[in-house]
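First up is the structure itself, then whatever we jot down about it.
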Amino acid sequence: MKQVSAILAALIAALGIPSAVWAAAQSTVTPPQPPGAASRPMPMFELDPDWPKIPANFKAPFVSGVLIDSKGDAWLTTRPGHSQDKDSNKIDGPSLMILDPDGNYIRGFGGQGEGYEWPESPHSAYIDYKGFVWVSGDSCKRPNSDDDDDIVKFTQDGKFVMQIGHRNAGKGDDDTENFRRPPNMQVSPLTNELFVVDGYGNHRVIVFDADTGKFKRMWGAFGKQPSVTNQQAGCFGSGEPKTFEGEGPANFSTPHVLLLSHDNLLYVADRDNRRIQVFTPEGKYVRQLALYDAPFAHNIAFSPDPDQTYIYGGYGNGIAIIDRKSMTYLGTVKTPGGGGHQIAIDQKGNIYVTGNSLGLGKGKPTAERLLYKGMSVPGPK
């Protein structure tokens, strides 16, 4: 651990981050280590200072989401107009930037076009088992902006295929035709169903046929129908008071990410409620893990082994490591840029974090890669 800490410290210095800032970030949250944690093998990581390599003529993007495709290429979901530098001689890159495994920019696409409504504030992209690209947004209706209440589907070369929902059309948790600023989605290769976590304005998981867009079913926290009394409660969250005790609130509050596991379970990161809930694809509640002492479940990703042994999830200023089958918290990997907004894992076990503090407001992309360095047994502090 001391050697890894020294490596991280050297990398932080190379990136020009003041030591006081790094020290403050390290001391803000120290999640409790579970009993026996010191004897458990833990994944180890090291910051990659050369990733990503954004073209010199592009402004440093705000990166909201990231996915890794079957070739190991990284797809960054960015928000043109929210760049991290203001150099007038540079241009905004495309909404979707595709990088090769070394971090070099290959190509990109995105933006408004005929016959569809591209998200005003792109949030996430997802590639399904047939190779189609799904894109969602989280723009909130204000005087100068619209609600992203739809999801759009494309081929990987940017050809429009289908749209579900429409801008500014969401009517709440009972609406089976539109979303309200949906953060994330997955398609089941077993049933060809599109699962959407509809969480910035609504409080549910909703399911559609991935070919036709026909509504199938929906549910809220604990597998029940949402019972939110203030349906249009501002731009974020449920409008209900947070209860960081026991099982937690009866409704989702910004369910932010969902993932389907190889053994056909659905994991939902209920961000504002600091918990991960597990369901069957039919919506039956299975179990949950809640960590209330710090912000938890901003994002989740599975380890790349066939059993998907670990769940990685944003926790305080780092990434929690969770045994997936038992839903047991094992420990936390501290990361230079914090727990981030979205994360992804490649087949080598490297972690990609977006919305990180290393680039935020510093003229750099808000994305980082943590290189997997194998398993180790952490010693006592």
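Key figures
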item	result
Output for segment 249-261, where each listed residue is in a loop (DSSP other than H, G, I, E, B) and either farther than 22 Å from LYS325 by Cβ or within 14 Å of the chain's Cα centre (by Cα) (or both)	PRO249, ALA250, ASN251, PHE252, SER253, THR254
Filter pass, TRP118 being in contact (Cβ under 8 Å) with a residue 24 or more places away in the chain and assigned to a strand (DSSP E or B)	no
Top-ranked residue in segment 357-381 [being not aliphatic (A, V, I, L, M) and not in a loop (DSSP other than H, G, I, E, B); ranked as surrounded by the fewest Cβ atoms within 10 Å (Cβ to Cβ)]	GLY374
Number of the condition not met by THR332 [criteria: (1) surrounded by fewer than 22 Cβ atoms within 10 Å (Cβ to Cβ); (2) at pLDDT below 95; (3) in contact with a Phe, Trp or Tyr (Cβ under 7 Å, 6 or more places away or on another chain)]	(1)
Residues satisfying the stated conditions in segment 93-115, i.e. outside any loop (DSSP other than H, G, I, E, B) and under 29 Å from ASP50 (Cα atoms)	LEU96, MET97, ILE98, LEU99, ASN104, TYR105, ILE106, ARG107, GLY108, PHE109
Tally of residues being touching a residue at least 60 places away in the same chain (Cβ under 8 Å), part of a loop (DSSP other than H, G, I, E, B), buried (at least 20 other Cβ atoms within 10 Å of the Cβ) and touching a strand residue (DSSP E or B) at 6+ places or on another chain (Cβ under 7 Å) across segment 35-87	5
Filtered residue count, segment 262-283, keeping only those that are within 22 Å of HIS341 (Cβ to Cβ) and not in a strand (DSSP E or B)	4
Test: residue in segment 342-356 that is over 30 Å from LYS59 (Cα atoms) and surrounded by 24 or more Cβ atoms within 10 Å (Cβ to Cβ)	no
Residue tally, condition over 28 Å from GLN288 (Cα atoms) and among the polar types (S, T, N, Q), over segment 326-381	2
For ALA294: the one exception among (1) under 16 Å from GLY246 (Cα atoms); (2) buried (at least 21 other Cβ atoms within 10 Å of the Cβ)	(2)
Residue within segment 278-285 that is under 17 Å from MET42 (Cα atoms), touching a Phe, Trp or Tyr at 6+ places or on another chain (Cβ under 8 Å), touching a residue at least 24 places away in the same chain (Cβ under 8 Å) and not hydrophobic (A, V, I, L, M, F, W, C) present	no
Residue in segment 97-105 that is within 22 Å of the chain's Cα centre (by Cα) and charged (D, E, K, R) present	yes
Residue list for segment 260-277, restricted to those being touching a residue at least 40 places away in the same chain (Cβ under 8 Å), of a type outside the set (A, V, I, L, M) and more than 17 Å from VAL187 (Cα to Cα)	ASP270, ARG271, ASN273, GLN277
Scan of segment 173-213 for residues that are of a type in the set (D, E, K, R), more than 20 Å from ILE127 (Cα to Cα) and surrounded by fewer than 24 Cβ atoms within 10 Å (Cβ to Cβ), ordered by number	ASP173, ASP174, ASP175, GLU177
Single unsatisfied condition, ALA125 versus (1) part of a loop (DSSP other than H, G, I, E, B); (2) within 18 Å of PRO255 (Cα to Cα)	(1)
Out of ASP293, ASP307, sole residue that is under 29 Å from LEU360 (Cα atoms) and over 17 Å from the mean Cα position of the chain (by Cα)	ASP293
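Let's see how each residue does on (1) part of a loop (DSSP other than H, G, I, E, B); (2) out of contact with any strand residue (DSSP E or B) (no Cβ under 9 Å at 6 or more places or on another chain); (3) small (Gly, Ala, Ser):
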residue: VAL152; (1), (2), (3): no, no, no
residue: GLY158; (1), (2), (3): yes, no, yes
residue: MET162; (1), (2), (3): no, no, no
residue: ASN168; (1), (2), (3): yes, yes, no
residue: ASP175; (1), (2), (3): yes, no, no
residue: ASN178; (1), (2), (3): yes, no, no
residue: PRO189; (1), (2), (3): yes, no, no
residue: PHE195; (1), (2), (3): no, no, no
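Yes/no per residue for (1) more than 19 Å from PRO255 (Cα to Cα); (2) without any contact (Cβ under 8 Å) to a residue 60 or more places away in the chain:
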| residue | (1), (2) |
| --- | --- |
| PRO143 | yes, yes |
| THR176 | no, yes |
| PHE179 | no, yes |
| PRO189 | yes, no |
| VAL205 | no, no |
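The values are calculated or read from the model by the stated rules, or taken from the named source; none is laboratory data. Predicted model only: the values in this text are computed from it and were never measured. Glycine also receives a Cβ, built like all others from the backbone with ideal geometry; neighbour counts cover every protein chain displayed.
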